[in-house]
Amino acid sequence: MTQQESLALIRQLLGAKDDDELTQLIGLNLGRIDGTFFGVLNASVRQLEREGKPTIAQALQELGDRMLRMKTLI
């Protein structure tokens, strides 16, 4: 996955209407998620923290943790 694809997916995941849609998006993309994705996600979390947006940063971090747990179960 490229950095641009990773950013697009992160935006898509953050824009999910509810937990069901989020779970569906994760399931559809789980096979594509790789080290580049998690690197971009972590950089995004750090950037949000620098911008003084801790709530969004925490939500994104929790999302990444959830995805990593799902990824390691496969």
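The values are calculated or read from the model by the stated rules, or taken from the named source; none is laboratory data. Small disclaimer: the values here were computed from a predicted structure and weren't measured. All Cβ positions, glycine included, derive from the backbone under ideal geometry; neighbour counts span all protein chains shown. With ligands, DNA and RNA removed, areas are computed over all heavy atoms of the protein, side chains included. Shrake-Rupley method; radii C 1.70, N 1.55, O 1.52, S 1.80 Å.
With the convex hull constructed from alpha-carbon coordinates only, the chain shows a mean projected area of 4.5 nm² over all directions.
Distance between the C-alpha centres of the stretch 1-31 and the stretch 32-74: 11 Å, rounded to the whole angstrom. Only helical runs count toward this figure. For the chain, summing -39,500 (n - 2.57) over DSSP H runs of n ≥ 4 and dividing by all residues gives -26000 deg cm²/dmol at 222 nm. Of the accessible area of the chain, computed with a 1.4 Å probe over protein heavy atoms only, carbon and sulfur atoms account for 53 percent. Once the Cα atoms are used to define both axes, helix 19-29 deviates from the longest principal axis of the chain by about 70 degrees.
Remark: the chain carries 64 Å² of accessible area per residue (probe radius 1.4 Å; ligands, DNA and RNA excluded). Taking a Cβ cut-off of under 13 Å around residue 23, the surrounding Lys, Arg, Asp and Glu residues balance to a net charge of -1, with basic ones at +1 and acidic ones at -1.
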